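To start, the structure itself, in structure tokens.
The values are calculated or read from the model by the stated rules, or taken from the named source; none is laboratory data. This structure is a prediction, so every number in the text was calculated from the model and none was measured. Methodologically, a virtual Cβ is constructed for each residue, glycine included, from the backbone with ideal geometry; neighbour enumeration extends over all protein chains shown. SASA here: full protein model, heavy atoms, side chains in, ligands and nucleic acids out. Shrake-Rupley method; radii C 1.70, N 1.55, O 1.52, S 1.80 Å.
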Amino acid sequence: MRLSRYFLPVLKEDPADAQIASHRLMLRAGMIRQQAAGIYSWLPLGWKVLKNIEAIVYQEQQRAGHIPMLMPTIQPAELWQESGRYDDYGKEMLRLSDRHGRDMLYGPTNEEMITDIFRSAVNSYRDLPLTLYHIQWKFRDETRPRFGVMRGREFYMKDGYTFDLTEDDAKHAYNRHLVTYLRTYERMGLQAIPMKAEGGPIGGDYTHEFLILADTGESGVFYDARIEDIRLGDRDIVYDDRAQCQGVLDEFTSLYARTDDTHDEDVFAGTPAEHRREARGIEVGQIFYFGTKYSDAMGATVQGPDGKPVPVHMGSHGIGVSRLVGAIIEASHDERGIVWPEGVTPFHAGIVNLRQGDAATDSACEGIYAELTKEGLEPLYDDRDERAGAKFATMDLIGLPWRITVGPRGVQNGKVELTSRRTGEAEEMSPEQAVARLKDIYALIV
Ligand code: 5CA
């Protein structure tokens, strides 16, 4: 993409109403525009990051064999009356009526709808286990929408639903989701710690939230610092291997880690004092096992091995896809702007032309642009007739992890500069070497 033809409405000044770094930087970098409280347009740069995060979520669900689909945003009230949540959900639910006066709602989550789909089509235990998920917009009329996309009213969520014959099977589905989520967050450059949490309006008392430690987080957390040393990494996971998935859950949940909803001072006292931490965190996902809560209420049964109908054991598993855009920025920025991890960056590298209009410099930039594109990488070429300082400031603000700087003097000597946004380190090399280096860097990003 050439910057002269792109739509990147960056702001020079800090917006007055943004209290935290990610909100401020998303507005300044032209990623989002607020349309109403907690409701945003995703401008081109923001949309690209959102889609990159969605792609990682999708790939990790594929790896585990979970099945993607798409349910609508608007739902009929009847399903929620069946489960009893139509009244329970209260003012957080956006209620609508259509031209025939039928009660509808903008879905805050999809347990009822997926249970309805399940009961209409699945009759036998032989069709289990089943994991269906979608990535769709949700609406919750939050009392205090704030911090930009972190606590929106409209937000983008991955929500997956598991159907199993027994509690044991459902617990395996739960463990499997925990593993997929750990991988998903690590690929985004994040460390998300699973913490014992509360079921809230979704239900059940067997649930973990995934939290990223950040001073600006909305949740209070208590944990054993040794958990910060554990990584899933690139170990081979066989998602059908129950013992292996259980082992990962045990490894990640045996040290104390709880949100303030479930925190217990007496239990915490069992952690050596030097490892005890109290901090704040951003909740980027939650997994739930709630047994037969919805299948009982909505009559979702299958014929068991003995021919008798049994209610299915269910769980639901969510990732805050749009919230993650903000959470990644909270975890990765500096005073000049965003620093994207390679796994989610909107463009792989920026090309900065220091003397636009100089034939040799222009042609070197065009050459690098063509070569990167040929390698399957997507560069953002700043081809505007601007001062070098302004071009650098824009690149720093939007946070592309790598910048190739091309100037007339370097070009004469066959050299360009490759700069890391994270460390600021710059290295002179030939254009071919710069392209090869970027190719190698991105080849390592699974
Ligand atoms: N049905 C279950 C699991 S799919 C569910 O809705 N879980 S949830 O309520 O915990 O939401 C899943 C994730 O969505 C949360 O962990 C959080 O990361 C994200 N989320 C929830 N509310 C908001 C919001 N108002 N703005 C942005 N993201 C949100």
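Being on the phi > 0 side of the Ramachandran plot and either in contact with a strand residue (DSSP E or B) (Cβ under 6 Å, 6 or more places away or on another chain) or touching a residue at least 24 places away in the same chain (Cβ under 8 Å) (or both) is the requirement here; does G204 meet it? Spelling it out, G204 is indeed on the phi > 0 side of the Ramachandran plot and either in contact with a strand residue (DSSP E or B) (Cβ under 6 Å, 6 or more places away or on another chain) or touching a residue at least 24 places away in the same chain (Cβ under 8 Å) (or both). Of all residues in segment 4-26, those being surrounded by 14 or more Cβ atoms within 10 Å (Cβ to Cβ) and of a type in the set (S, T, N, Q) number 1.
Yes/no matrix, rows are residues, columns are (1) surrounded by fewer than 21 Cβ atoms within 10 Å (Cβ to Cβ); (2) in the same structural domain as P9 (by TED's automatic domain parsing); (3) more than 34 Å from the chain's Cα centre (by Cα):
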site	(1), (2), (3)
N353	no, no, no
C365	no, no, no
K374	yes, no, no
K391	no, no, no
M395	no, no, no
I398	no, no, no
W402	no, no, no
G407	yes, no, yes
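Taken across segment 161-178, residues that are part of a strand (DSSP E or B), out of contact with any Ser or Thr (no Cβ under 7 Å at 6 or more places or on another chain) and farther than 24 Å from T262 by Cβ do occur, with at least one present. Number of residues in segment 313-330 that are within 14 Å of the ligand (Cβ to nearest atom) and open to solvent by 10 Å² or more (accessible area, probe 1.4 Å) equals 4. So which residues in segment 409-422 are in contact (Cβ under 8 Å) with a residue 60 or more places away in the chain and open to solvent by less than 20 Å² (accessible area, probe 1.4 Å)? Hit for segment 409-422 is R421, nothing else.
Conditions (1) open to solvent by less than 60 Å² (accessible area, probe 1.4 Å); (2) over 26 Å from L130 (Cα atoms); (3) β-branched (V, I, T), marked per residue:
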| position | (1), (2), (3) |
| --- | --- |
| Y58 | no, no, no |
| P76 | yes, no, no |
| L79 | yes, no, no |
| M93 | yes, yes, no |
| L96 | no, yes, no |
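In segment 184-192, the condition of being farther than 28 Å from Q19 by Cβ and touching a strand residue (DSSP E or B) at 6+ places or on another chain (Cβ under 7 Å) is met by no residue. Can you pull out every residue in segment 247-267 that is open to solvent by less than 70 Å² (accessible area, probe 1.4 Å) and either in contact with a helix residue (DSSP H, G or I) (Cβ under 6 Å, 6 or more places away or on another chain) or part of a loop (DSSP other than H, G, I, E, B) (or both)? V248, L249, L255, Y256, A257, T262, H263, D264, listed by residue number. Restricting to segment 128-151, name every residue that is farther than 24 Å from L43 by Cβ, under 20 Å from the mean Cα position of the chain (by Cα) and either within 11 Å of the ligand (Cβ to nearest atom) or open to solvent by 20 Å² or more (accessible area, probe 1.4 Å) (or both). L132, Y133, H134, listed by residue number. Among the conditions (1) more than 16 Å from the ligand (Cβ to nearest atom); (2) open to solvent by 10 Å² or more (accessible area, probe 1.4 Å), the only one that F347 does not satisfy is (2). Screening K308 with (1) under 20 Å from T184 (Cβ atoms); (2) without any contact (Cβ under 8 Å) to a residue 40 or more places away in the chain gives one miss only, at (1). Looking at G46, G30, just one residue is open to solvent by less than 50 Å² (accessible area, probe 1.4 Å), closer than 25 Å to D383 by Cβ and more than 16 Å from the ligand (Cβ to nearest atom), and that residue is G30. Summed over segment 160-173, residues that are surrounded by fewer than 22 Cβ atoms within 10 Å (Cβ to Cβ) and either out of contact with any helix residue (DSSP H, G or I) (no Cβ under 6 Å at 6 or more places or on another chain) or within 21 Å of I53 (Cβ to Cβ) (or both) total 5. Suppose the filter is in contact (Cβ under 8 Å) with a residue 60 or more places away in the chain and surrounded by fewer than 14 Cβ atoms within 10 Å (Cβ to Cβ); does M69 pass it? Here the answer is yes, as M69 does meet what is asked.
Please work out if S332 is under 21 Å from the mean Cα position of the chain (by Cα), more than 28 Å from I114 (Cβ to Cβ) and in the same structural domain as F147 (by TED's automatic domain parsing). Taking the combined requirement at face value, the residue satisfies it.
Counting only residues that are part of a loop (DSSP other than H, G, I, E, B) and buried (at least 18 other Cβ atoms within 10 Å of the Cβ), segment 215-231 holds 1 of them. Would segment 35-52 turn up any residue that is without any contact (Cβ under 8 Å) to a residue 40 or more places away in the chain, within 24 Å of G160 (Cα to Cα), out of contact with any Lys or Arg (no Cβ under 9 Å at 6 or more places or on another chain) and not acidic (D, E)? Yes, segment 35-52 contains a residue that is without any contact (Cβ under 8 Å) to a residue 40 or more places away in the chain, within 24 Å of G160 (Cα to Cα), out of contact with any Lys or Arg (no Cβ under 9 Å at 6 or more places or on another chain) and not acidic (D, E).
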